[in-house]
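Worksheet: the structure to be examined is printed underneath.
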Amino acid sequence: MIDGAAINLRDYGATGDGVTDDSAAVLAAFNAAKAAGKSLYVPVGIYNIATTISVSSLRNITVFGEGSPVDLDTTKASYFRFTGTSGNMFYFDHLAGVEFRDLWFGYNSGSYSDDLVRTNNSGGLDSTYNTWNRCVFSGEGAGINATSLLKLEKTIISSINRCLFTKANNGVALLTYCNVITFRENTFYDLNFRSVYVFTGACESLMFYDNTFEPTADGKATGVFCVNNELIINLVYIGNWHGDVSVNDGIGWLTLGIIRGAVISGNLFSTPGTGAADYCIIVNNASSGIQISGNSFYDKALIFGAATTGVNISSNVFYTANAIYGLNYIAGTSTINSNVGYSGFPRCKAYTTGNQSIPTSTHTAIAFDGEYYNQGAMHSVSVANTRFTVPAGGAGLYSFSGNALFNSGTGTMWGRILKNGTVIVSSVIDSLNSAASKTLSTDNQDVAADGDYYEFTVWQNSGGALNVLGSVNSAADTTFTVSKVFSGD
């Protein structure tokens, strides 16, 4: 329904015939809408614009066209088409409370290389509370050289919803702090480099929900979100879909720079490329507080290239077994757990299948001849079965837990976790129970290098040999558990 109170673009001399330069008429209509505080109606047509339309302090109006031109049919669109080769088609200075709806912003010159639509505030105040709904941002035909289709600068609390971005170098560029920017249900495809690109300046609270990201026409990834070594605080990335990349690209779908707090959840990541450097998510700068959960990864999922703390990777589905790389960079309170299809960190839990006699007053390593699980070939049930060895490439922080069920006796029992036969990692002393069996437990963490081995040793001074109990009662009576916590120091 057309708002009868709205200003009609055609009333200010715009022809929309795709031939006439309508620049002056478009500027006049915008200024009239601004002065009257009325919405601006853009009928179906192709409105050629040869020079920049610069409007300042436009606020609290709607600029709307007819229908959503998702099929890129120029006969059905309210189409602003830039015919120049440089500069912005629209430059909005201190834009506030404005909705753009059902419009096409495009260009038709293959030599055009600038930012098509730009928001800014030269006075230092923010452009704020603006929305772009069901709009198309696109080059025509082979014209794919625009630096970006929409450039937001000094812009906060704004959203881009159900829009299409295609045929340019980058879709949306963010710079000089953009805060609380929401991308919802948009489609990005056939962009040379990035769908959304943080060019410069720290940004806070960037949110992506239910967007679709497709590769370029020649099968390369269009990096969904790329940070140029800038600080991002609070990234929310939920429910997005990423298409298959068929060539060696090296960009990846999601490239994170300096991130402080990110939730990446419920997304589907298809193949990011065929090359050795192609990963779905790339963390290439020191970051912290990243939660990656509930995603599906069809290929090489994650790579860390710099020290990263507070990472939680959980409840994801990996279709490639060894899908996480650069684990030596993960440190701090980081965890990887409850994932499907990921072979994971080295880990082992072993037990004794029978009783083992422990001489009095002699430290004795327990022999574990049964296993619940053994990831990474850390242990053998038949060869040197007292030892749990860190495999090649498995260095990092490990957690250890030993339980020994002693038969009844009088005196003291002592348990130790021993590294390489000499270094005591953990130690516990308790009294034996003269009336019943008693469990001795000890646990700790230790930074291990490749090839380090660990043993669980016990000691008792009852005056004679005393058994630690195995499967006579339960296979869980005497156990040793080793789990890698994370790589790094």
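Okay, here's what the table says:
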item	result
Residue that is nearest to THR216 (Cα to Cα) [pool: residues in segment 176-186 that are surrounded by 21 or more Cβ atoms within 10 Å (Cβ to Cβ) and touching a Lys or Arg at 6+ places or on another chain (Cβ under 9 Å)]	ASN186
Matching residues in segment 158-210 - criterion: being within 17 Å of ASP114 (Cα to Cα) and in contact with a Phe, Trp or Tyr (Cβ under 6 Å, 6 or more places away or on another chain)	PHE165, THR166, ASN169, ASN170, GLY171, ALA173, LEU175, SER195, VAL196
Residue list for segment 424-445, filter: touching an Asp or Glu at 6+ places or on another chain (Cβ under 8 Å) and either not hydroxyl-bearing (Ser, Thr, Tyr) or not assigned by TED's automatic domain parsing to the domain that holds LEU405 (or both)	VAL425, LYS438, LEU440
Test for LYS300: is it modelled with pLDDT under 85, among the basic types (Lys, Arg), within 19 Å of ILE313 (Cα to Cα) and not assigned by TED's automatic domain parsing to the domain that holds TYR177	yes
Residue in segment 385-405 that is touching a strand residue (DSSP E or B) at 6+ places or on another chain (Cβ under 9 Å), surrounded by 17 or more Cβ atoms within 10 Å (Cβ to Cβ) and free of Cβ contacts under 8 Å to residues at least 40 places away in the same chain present	yes
Top-ranked residue in segment 271-283 [being surrounded by fewer than 20 Cβ atoms within 10 Å (Cβ to Cβ) and of a type outside the set (A, V, I, L, M); ranked as nearest to ILE303 (Cα to Cα)]	GLY275
Index of the failed condition, ASN161 passing every other in (1) modelled with pLDDT under 95; (2) surrounded by fewer than 24 Cβ atoms within 10 Å (Cβ to Cβ)	(1)
Enumeration of residues in segment 346-369 that are assigned to a strand (DSSP E or B) and under 19 Å from ALA465 (Cα atoms)	GLN356, SER357, ILE358, THR360, THR364, ALA365
Pairs with Cβ under 9 Å, 6+ apart, first in segment 461-477 and modelled with pLDDT under 90, second in a loop (DSSP other than H, G, I, E, B) and of a type in the set (Gly, Ala, Ser)	GLY470/GLY354; SER471/GLY354; VAL472/GLY354; ASN473/SER437; ASP477/SER437; ASP477/GLY470; ASP477/SER471
LYS349, sole failed condition from (1) out of contact with any strand residue (DSSP E or B) (no Cβ under 8 Å at 6 or more places or on another chain); (2) closer than 21 Å to TYR453 by Cα	(1)
Residue in segment 26-43 that is assigned by TED's automatic domain parsing to the domain that holds LEU116, touching an Asp or Glu at 6+ places or on another chain (Cβ under 6 Å) and surrounded by 15 or more Cβ atoms within 10 Å (Cβ to Cβ) present	yes
Search result, residues across segment 417-447 that are in contact (Cβ under 8 Å) with a residue 12 or more places away in the chain, touching a Leu at 6+ places or on another chain (Cβ under 9 Å) and over 15 Å from THR481 (Cα atoms)	VAL428, ILE429, ASP430, LEU432, SER437, LYS438, THR439, VAL447
Number of positions in segment 307-326 that are touching a Ser or Thr at 6+ places or on another chain (Cβ under 9 Å), in a strand (DSSP E or B) and either of a type in the set (A, V, I, L, M, F, W, C) or closer than 18 Å to PRO346 by Cα (or both)	6
Breaking point among (1) farther than 20 Å from TYR372 by Cα; (2) surrounded by 19 or more Cβ atoms within 10 Å (Cβ to Cβ); (3) touching a Lys or Arg at 6+ places or on another chain (Cβ under 9 Å); (4) not charged (D, E, K, R), for SER427	(2)
The lone exception for ASN374 - which of (1) crowded, with 16+ Cβ neighbours inside 10 Å; (2) modelled with pLDDT of 90 or more; (3) in a strand (DSSP E or B) it fails	(2)
Residue that is surrounded by the most Cβ atoms within 10 Å (Cβ to Cβ) [pool: residues in segment 357-368 that are touching a strand residue (DSSP E or B) at 6+ places or on another chain (Cβ under 8 Å) and not hydroxyl-bearing (Ser, Thr, Tyr)]	PHE368
Segment 185-212 - residue that is in contact with an Asp or Glu (Cβ under 6 Å, 6 or more places away or on another chain) and modelled with pLDDT of 95 or more and, of those, nearest to PHE137 (Cα to Cα)	GLU185
Criterion: in a strand (DSSP E or B) and either farther than 17 Å from ASP452 by Cα or in the same structural domain as GLN356 (by TED's automatic domain parsing) (or both) - qualifying residue of GLY415, GLY421	GLY415
Strands (runs of 3 or more DSSP E) within segment 10-85 that include 1 or more residues in contact with a Leu (Cβ under 8 Å, 6 or more places away or on another chain) and touching a residue at least 24 places away in the same chain (Cβ under 8 Å)	45-49, 53-56, 62-64, 78-82
Residue list for segment 239-263, filter: farther than 12 Å from LEU206 by Cβ, buried (at least 16 other Cβ atoms within 10 Å of the Cβ) and either among the β-branched types (Val, Ile, Thr) or free of Cβ contacts under 8 Å to residues at least 24 places away in the same chain (or both)	VAL245, ILE251, THR255, ILE258
Residue match in segment 272-293 (condition: in a loop (DSSP other than H, G, I, E, B), farther than 19 Å from ILE336 by Cα, modelled with pLDDT of 90 or more and not basic (Lys, Arg))	no
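The values are calculated or read from the model by the stated rules, or taken from the named source; none is laboratory data. Everything numeric in this text was worked out from a predicted model, so none of it was measured. Methodologically, a virtual Cβ is constructed for each residue, glycine included, from the backbone with ideal geometry; neighbour enumeration extends over all protein chains shown.
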